[in-house]
Amino acid sequence: YSSAVQKFSQTLQSFQFDFIGDTLTDDEINIAESFKEFAELLHEVELERSMMVQNASDLLIKPLENFRKEQIGFTKERKKKFEKDGEKFYSMLDRHLHLSSKKKESQLQEADLQVDKERHNFFESSLEYVYQIQEVQESKKFSIVEPVLAFLHSLFTYNNLTVELTQDFLPYKQQLQLSLQNTRNHFSSTREELEDLKKRMKEAPLTCKLPGQPTIEGYLYTQEKWALGISWVKYYCQYEKEAKTLRMTPMDQKPGAKQGTLDLTLKSCVRRKTDSIDKRFCFDIETNERSGTITLQALSEANRRLWMEAMDGKEPVSLTLLPLFETVELNEVGFKFVRKCINAVETKGITTEGVYRTVGSNIQVQKLLNAFFDPKCPGDVDLQSGDWDIKTITSSLKFYLRNLSEPVMTYKLHKELVLAAKSENLDYRLGAIHALVYKLPDKNREMLELLIQHLVNICEHSRENLMSPSNMGVIFGPTLMRAQEDTVAAMMNIKFQNIVVEILIEHFGKIYSGPPEDTTAPPVPPPRVAARRHKPITISKRPLRERPVFFGASLEESGADQHGQTPNGSGSVEAPKPLHRSRLPAPRPGGDELGRPPTEGRPDPRAEAEVGKLVARLQDGGAKPAGKAANGVVASPAQRTSTLQARRPAPRPGIYGREGEYDGVPKPRSHGDKPVITRPPVRPPDPPCRTPVPPRLEQRPDLIAGTAEEMPSSV
């Protein structure tokens, strides 16, 4: 599992997103960097997991194996020697008892000496065997528990890391989810515009003229007259209306032919009648470079009309498609309509959930617009009455703004506004948009201020209507700003139109407090090589967290650590803090964080030194009995009691839920709290664990008999 996660982390690290367009939004930058953040998190978790597994080997398995080989194995050898010496002694004793008393005295004395010698060997073997059994039974109490304790310490340290990573991850997750939601909203808005563009292109196929652009280009067939007949040659033609230049590039190049690009100057253009030629969609042009007429064939009737319109032919045909509601101008009736819609929405629908996002009935919208803009009695509609619901009013307002002959923010400033939104410098974005707003015509700026003020009021009730500035930007970006040409490239800039409206809403007070100091030109953007001011959200660029020490630490090192020494030797009190994390101050020497002296229930600094010595002894592979400390004083049971909570970081203020808790993660236990061991409900729960208190002297006669140096310091 760990190997698979590591490979997955490497895949995320090397993954690259592809984006359409020349600039990314801030949300898209966050999304593009998210996989690298995920990879760093997974790598850190798996690195700690591998260290935990290594600790399981070094701190638990190897010490237990050493104890089994050295202590228990040696005891088994003592047992074999005891059994061998016992068998030898008893067999000699049996032979000695069967000796005749009639033997010489010297022989009997020699036999007695041999029996005494074997008896001495047997007694010595039995004492050594019993002593070894006693030593194993006694040392087992700490030589087996200590490795398990050290392993649990490393295990809980790993779990504590995952808790810290979770606390770091939760705010990042919230911000990333917001970026994902904003990007999804931009996608939905762009998709609707693209579907509408696709529908219009299906209704008017092969439309190659861009509205408002003087140039037209596309394929045309030219009639070529030869001595043996007539042929039609395919050219790619580009016409510049202002200079009246026509560039024709031949597409059917024959081997050996010396045909090149033709540059012609147009004199006139006339539609060719169908009955005068056997080809359809033809028109004739005259040029200064060639005598006579040149007959060209378009790809369709609609395509021919476009070419003739561009060339000012004698029969130009407009291809403007009339929408369901005719285009209107930004006049007094329009201002009256917008004000009435705003008053109606703010009066009875400002807290409606999804206001402006929910679409009304098309029939009702057309009915309201036709009634309000009736030439006979314009504006004679009461929107406060119950005949019109909020959805119909909001949809009518958006429909009116979309069908203006020119959008509120004008075609002229469209490119400059989009470029401002694409800037990497956040201050330049606001400054450029501020300056461009005051370049709008007076009535357009007045209408924009009226609308943005209304949107600000809507967003102030976002808790009820769930409409944030980002959501309102998605809705009103394509409404207040439109590109003059209907192309896919223009549709890809819709997300930046949304950002412009979002900036206007968020900075309404500053923008409409007055024009900028210099309105002659917007501020100059910084060069591209400059560092980006907006940095993507991140959790991996935080300082390294202090890793719990699993290596040996002497008593002096422990004392230095309690005085604020960091691993690199600096004298600061606190370790580097991870991002978005606050720790309580380090405890003062000889007391807790409030300066109080250590009392029962709080970890003793000497116990910390014992933990360091314990782990060092386990890593060195030794299974020596715990005896005297470095200062020669016998460590008491209270001093040898290791407290895991002493190594835990101080509790941090949580981000979610109650103070100290978040999303199901329990609140850390403070140093003063005593752990309560809960057991299955087979029997009543035991009382809370207490630090073992040494028995009274009258209950320990063995201690009374010993010297003061042999007594534990706790006594």
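The values are calculated or read from the model by the stated rules, or taken from the named source; none is laboratory data. Because the structure is predicted, anything quoted here is derived from the model rather than measured. Please note: Cβ atoms are built from the backbone with ideal geometry, for glycine as well, and neighbour counts cover all protein chains shown. Just the protein is used for accessible areas: all its heavy atoms, side chains included, with ligands, DNA and RNA removed. Shrake-Rupley method; radii C 1.70, N 1.55, O 1.52, S 1.80 Å.
What the Cβ-Cβ distance of ALA32 and LYS76 gives, at R0 = 60 Å and to the nearest 0.05, is a FRET efficiency of 0.40.
Stretching the chain fully between LEU113 and GLN366 yields a gain of 78.1 nm (0.36 nm per residue, less the alpha carbon separation). In this simple spin-label model, placing a label point 7 Å from the Cα along the Cα-to-Cβ direction at both GLN175 and THR11 gives a separation of 2.8 nm. Among the listed pairs LYS76/LYS141; LYS340/LYS415; LYS336/LYS376, which are separated by more than 24 Å between their Cα atoms? Too far apart for the 24 Å limit: LYS340/LYS415.
In a fully extended conformation the segment linking PHE123 and THR358 would gain 74.7 nm over its present Cα-Cα distance, using 0.36 nm per residue.
3J(HN,Hα) along the range 332-341, derived from phi through the Karplus expression 6.51 cos²θ - 1.76 cosθ + 1.60 where θ = phi - 60°, amounts to 5, 4, x, 4, 4, 5, 5, 5, 5, 5 Hz, with x in place of Gly and Pro. Here the extension length gained between GLU138 and HIS461 equals 109.0 nm, from 0.36 nm per residue of separation less the Cα-Cα distance.
Taking label points 7 Å from Cα along the Cα-to-Cβ direction, LYS279 and LYS225 give a separation of 1.4 nm. Sequence-ordered 3J(HN,Hα) estimates for the range 406-413 from the Karplus curve with 6.51, -1.76 and 1.60 and θ = phi - 60° stand at 9, x, 4, 9, 6, 5, 4, 9 Hz, glycine and proline given as x. Each label point was placed 7 Å from the Cα along the Cα-to-Cβ direction; for VAL163 and LEU426 their separation is 3.3 nm.
Peptides 146-158, 493-505, 290-302, 378-390, ordered by how many other C-beta atoms sit within 10 Å of their residues on average, highest first, read 493-505, 146-158, 290-302, 378-390.
In order along the range 421-426, the Karplus-derived 3J(HN,Hα) couplings, from 6.51 cos²θ - 1.76 cosθ + 1.60 at θ = phi - 60°, round to 5, 7, 4, 7, 8, 5 Hz, and Gly and Pro are given as x. Between SER3 and THR265, the FRET efficiency from the beta-carbon distance, with R0 = 51 Å, is close to 0.10.
At a Förster distance of 30 Å, what's the computed FRET efficiency of CYS377 paired with THR351, Cβ-Cβ distance as r, to 0.05?
It comes to 0.40.
For the range 215-311, the share of accessible area belonging to carbon and sulfur comes to 47 percent (1.4 Å probe, ligands and nucleic acids excluded). From the alpha carbon centroid of the range 448-487 to that of the range 20-79 is 49 Å.
Note on surface exposure: LEU113, LEU108 rank LEU113, LEU108 by accessible area, highest first, 1.4 Å probe.
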